[in-house]
Amino acid sequence: MSSEAHAVHDTTTGISNNKLLMWAFLGSECLLFGGLISAYLVNRSRFHTGPAPGDIFDIPFTSVSSFVLLMSSLTMVLALSAIQRGDIRNNRIWLLATALLGSLFIGGQVYEFTTFLREGLGYTTSPFSSAFFTLTGFHGVHVSIGIVMLMSLVISSYRGTLKQKNSEAVEIVGLYWHFVDVVWIFIFTVIYLVPSPTS
Amino acid sequence: MSTEAAATNTDHEHPTDAKYVQIAILLAVITAAEVSTYFVDIGPVLIPALMVMMVVKFFYVAAWFMHLRFDSVLFTRFFVTGLILATAVYCIVLTVFEFWTGG
Amino acid sequence: MSESVAELTPNGAATQPLGAYSRPKGGGGWRDWVTTVDHKKIGILYGATALFFFVVGGFEALLIRLQLATPNGTVVGADLYNQIYTMHGVTMVFMVIMPLAAAFANYLLPLQIGARDVAFPRFNALSFWIFLAGGLFLNFAWLVGDAPDGGWFAYSPNTGVTFSPGHGMDFYAIGLQIAGIASLISAMNLIVTVLNMRAPGMTLFKMPVFTWMILVVQFLLLFAVPVITVALFLLVFDRNFGSHFFNPEMGADPLLWQHLFWIFGHPEVYILILPSFGIVSEVIPTFSRKPIFGYEFMVFSGIAIGFMGWGVWAHHMFVSGIGPISVGAFTLSTMFIAVPTGVKILNWMATMWGGKLRFNSAMLFATGVVSMFTVGGLSGVTHALSPVDTQQTDTYYIVAHFHYVIFGGALLGFFAGFYFWWPKVFGHKLGETLGKWNFWTMLIGFNLAFGPMHILGLNGMSRRIDTYSPGFGFDFWNLFATIGVFVIALGVMFFVINVILSARRARGLPPEPPDPWDARSLEWFSPNPTPVHNFDEVIEVSSLDEFWHRKWTTDEDGRVVRKATAAEVCQAGDAEGVHLPSPSYWPIVLAAGLPLIGLGLLYNLWICVPGTLLVLVSTYAWVFEPPDDPDGPFGHGHGHDEGDDGSHDEDVPGDGSPAGQEAGSVE
């Protein structure tokens, strides 16, 4: 914890500027995803002549990919715990594991999208389809950005520049990553598990 | 200044890895319970049950994995303000669109 | 003193430069401006850009009024008229008032809290360049002859491809999206700055009211900008990728746009007005020679406005068919929000009551705000009542109302700020004689122009019509209003002439001595104009109006007596070796990528490629930038310039100890 000590005592509140910035950003993101989720909810029964959400969602498949993303939060927090102890090797392993689980989730999303496309649910099929792809797409882009950040950390770890004193960098990427995970916890329940209209 | 500094000077003792794994197992169990509602009909309590489980999962990730339990209360305030504002305004929007009554 | 400064820069020696790229070395002239991360220079850039757009938007206003001066006007056609009024509104709201607030906030906020700079100096530069990119992108629409024409709130489905087939609304949506990114970055930056960079002893309730109001505005931006971000994304997707969010033919409900827009749009109203309230709350106490009346009430009413501003948005939609319950609820909440606003008006008057008033230009503009905003506020309360609003909606009454609020409230306040802080920024005062001409022509012209619009509106003249037939009783007042607008233009010319003449007069003379107004807050501790390092030494704050209390005290009889002259209290501004954040190329490079991505979406996706590359390369270059330029003019400390962002970029580099924190350790 000695690495955090200097940052903590220089500011008025004793909080690191970087973390405060990240939390402000996450507070702001709540309103972004809230808007997208509302846009989905008001449009979910407007499937026009296309497939209805209740007919097309594959709950068992999505459950698996949701579980994958949930577990990536565990590996993320273990990565942080490792670097705070100064354990660079384990930090790198857990970061890689997190990126891998995230990629698995994105792979699942790509599979889901292509399946829906084959079943006749394109982006322009109906207000429902537009809203669905926009919401989950935005989330997917967030996960992808997270993967890029994780891989950048991994690369700088291999270059030897990610040290115990930089643990805050891992912590901040972790905050972002967990946030993307809690958004998915919300989406998984409200969009997938709560019964959707059928045609 | 002193009061603010005191408020944030919570101990930075983070939980052990074992604790993190325990919480992940708890999250996994809740997720299993959530998914089971797809296979087992539990009647009118379905949606309340799903909401409660969602909130519990959300809470655990935010409190433990995002360290809100241990970190400055200011972070929690930022996040909760965003959450409450979002919930409030968007619930009103959904109400105006008669979403709850199946409009 | 300078010795200790360098030593106290935290963990200087522990730093190992990670960077692969060199930092700019300055070099003077324009290079200093494009690579600057100095909050004062960025503030000036914001102000100059906003004034440029003010002239652009002003010309649009003149064209509107020329067209409407007489019945059956033929100055511009209907199509061009639609573009002009839309661009007038969008420009004035997003490219003039908001950046003017950013200008004052950037320049003054770190000074008022006694900091060396903002928390994230590079982010600060980034937000300015992104704002400029957004403004230029939006106005680029004029060059391709296809400006937005859907009104500033762009109701769908009128903005869909069916009814707006050109690229105009794309320029609107993407231009505002880019400007929104700028607002969001600057909001996060300033929030962290206020919370974390205050001088020792400055608790939240010892901060000046201006700082408080700016803080409230940044929170409003933080939470409101993402909402319009969603709305604009949906609009862009509808128009360019064929989605159906606002397409009634597919069963979608275009009201969704109205909700999203106004959930943003009503907090936006307070985003526009609160900075001006803050300025007025600084100017009036100074020129009344009294502390602000009811400081806590001023702060809490500002916070209350910020909160309640989230619960009133649907009063813009009373005639949109949202149902009687919604209309009733929003009528109530709208009437309530008048209360904290009224508190502010009364407190300003109570501050002036019994004060030693000095009516120079700054004070005149501030009293102009108090009176004109009251008129606008009262007309606002009239259409909180939905039955009345049903008659007034989309008439010139509404146009009159929001001009009284935004021109009479926000803009006059910024002019008060210009006259008040000009010596702080440029080292000389603006001329008082021309300043008074400036004030009176603007005030009279403003009332001539917008006062009659109340009557026009109640007589039934719709807003946004490009012309009208004679015989409706509109002729006289329209001509009247047009004359008024030209009087305003005259007033703005007085301001421009004043700026030029004052600068010319001050040439060769020594700068204005410190504390020209007998002012109250921390920014006046530093000499005029503010030296690059702001303060020689950190100020220990023990009370609200710290600067005032170092100059004056009360004797046994309760009389105010001087205990020190301003010259004794003010700092000399000659400290050397103060560590400052180093300039950077990457903010402007990153910002340049965004309009390219926007153009790519409109014309050819390939144009997105260089834009995306610019963003990616500069993001990584930013992260790997050396923390400091060792050869820089103030680079002795060899510390860090800022912590890394971590919002979308990963933060690899060394221990980020923010710049201002270093300022905090300079003692």
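The values are calculated or read from the model by the stated rules, or taken from the named source; none is laboratory data. The shown structure was predicted, so the numbers you read here are calculated from the model rather than taken from an experiment. We place every Cβ from the backbone using ideal geometry, glycine too, and count neighbours over all the protein chains shown.
Numbers at a glance
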quantity	calculated
Subset of segment A:38-65 [more than 7 Å from every other protein chain (Cβ to nearest Cβ), part of a helix (DSSP H, G or I) and in contact (Cβ under 8 Å) with a residue 12 or more places away in the chain]	A:40, A:53, A:54, A:55, A:56, A:61, A:62, A:64, A:65
Qualifying position, being out of contact with any strand residue (DSSP E or B) (no Cβ under 6 Å at 6 or more places or on another chain), assigned to a loop (DSSP other than H, G, I, E, B) and closer than 28 Å to residue C:106 by Cα, among C:157, C:148, C:200, C:165	C:200
Residue match in segment B:60-79 (condition: within 8 Å of chain A (Cβ to nearest Cβ), of a type in the set (D, E, K, R) and under 15 Å from the mean Cα position of the chain (by Cα))	no
Selected residue (criterion: nearest to the other protein chains (Cβ to nearest Cβ)) from residues of segment C:311-342 that are buried (at least 18 other Cβ atoms within 10 Å of the Cβ) and closer than 23 Å to residue C:210 by Cβ	C:337
Where residue C:390 falls short, out of the listed (1) touching a residue at least 60 places away in the same chain (Cβ under 8 Å); (2) surrounded by 20 or more Cβ atoms within 10 Å (Cβ to Cβ); (3) part of a helix (DSSP H, G or I)	(2)
Matching residues in segment C:452-483 - criterion: being free of Cβ contacts under 8 Å to residues at least 60 places away in the same chain, in a loop (DSSP other than H, G, I, E, B) and within 27 Å of residue C:148 (Cβ to Cβ)	C:465
The lone exception for residue C:290 - which of (1) at pLDDT below 95; (2) assigned to a helix (DSSP H, G or I) it fails	(2)
Residue tally, condition crowded, with 20+ Cβ neighbours inside 10 Å, among the β-branched types (Val, Ile, Thr) and farther than 24 Å from residue C:221 by Cβ, over segment B:59-95	1
Check on residue A:80, surrounded by 19 or more Cβ atoms within 10 Å (Cβ to Cβ) and facing another protein chain (nearest Cβ under 7 Å)	no
Residue B:90 vs. criteria more than 9 Å from chain A (Cβ to nearest Cβ) and free of Cβ contacts under 8 Å to residues at least 40 places away in the same chain	no
Scan of segment A:114-137 for residues that are surrounded by fewer than 18 Cβ atoms within 10 Å (Cβ to Cβ) and part of a helix (DSSP H, G or I), ordered by number	A:114, A:115, A:117, A:118, A:137
In segment B:37-51, the residues that are loosely packed, with under 13 Cβ neighbours inside 10 Å and either modelled with pLDDT of 95 or more or more than 10 Å from chain A (Cβ to nearest Cβ) (or both)	B:40, B:41, B:42, B:43, B:44, B:45, B:48
Answer from C:660, C:664, C:646 - the residue that is under 22 Å from residue A:148 (Cα atoms), facing chain A (nearest Cβ under 9 Å) and modelled with pLDDT under 85	C:646
Segment A:144-176: number of residues that are more than 9 Å from every other protein chain (Cβ to nearest Cβ), under 16 Å from residue A:69 (Cβ atoms) and crowded, with 21+ Cβ neighbours inside 10 Å	1
Among the candidates A:157, A:81, residue that is part of a helix (DSSP H, G or I), on the phi < 0 side of the Ramachandran plot and in contact with a Lys or Arg (Cβ under 7 Å, 6 or more places away or on another chain)	A:157
Lone unmet requirement of (1) farther than 30 Å from residue A:131 by Cα; (2) free of Cβ contacts under 8 Å to residues at least 40 places away in the same chain for residue C:296	(2)
Criterion violated by residue C:322 - all others in (1) at pLDDT below 95; (2) in a helix (DSSP H, G or I) satisfied	(2)
Checking residue A:165 against (1) free of Cβ contacts under 8 Å to residues at least 40 places away in the same chain; (2) farther than 12 Å from residue A:80 by Cβ; (3) assigned to a helix (DSSP H, G or I), the condition it does not meet	(1)
Out of C:261, C:300, sole residue that is more than 30 Å from residue C:168 (Cα to Cα) and either of a type in the set (Val, Ile, Thr) or in a helix (DSSP H, G or I) (or both)	C:300
Cβ pairs under 6 Å, 6+ apart, first in segment C:226-243 and at the interface with chain A (Cβ under 7 Å from one of its Cβ atoms) and buried (at least 22 other Cβ atoms within 10 Å of the Cβ), second of a type in the set (Phe, Trp, Tyr) and assigned to a helix (DSSP H, G or I)	C:227/C:264; C:243/C:237
Helices (runs of 4 or more DSSP H) contained entirely in segment C:29-138, each with at least 1 residues that are at pLDDT 95 or above and of a type outside the set (S, T, N, Q)	C:39-68, C:78-90, C:98-112
Conditions (1) acidic (Asp, Glu); (2) without any contact (Cβ under 8 Å) to a residue 40 or more places away in the chain; (3) assigned to a helix (DSSP H, G or I): number failed by residue C:253	(3)
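Conditions tested, residue by residue: (1) of a type in the set (Gly, Ala, Ser); (2) surrounded by 14 or more Cβ atoms within 10 Å (Cβ to Cβ); (3) closer than 30 Å to residue C:62 by Cβ.
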position: C:507; (1), (2), (3): no, no, no
position: C:529; (1), (2), (3): no, yes, no
position: C:546; (1), (2), (3): no, yes, no
position: C:561; (1), (2), (3): no, no, no
position: C:573; (1), (2), (3): yes, yes, no
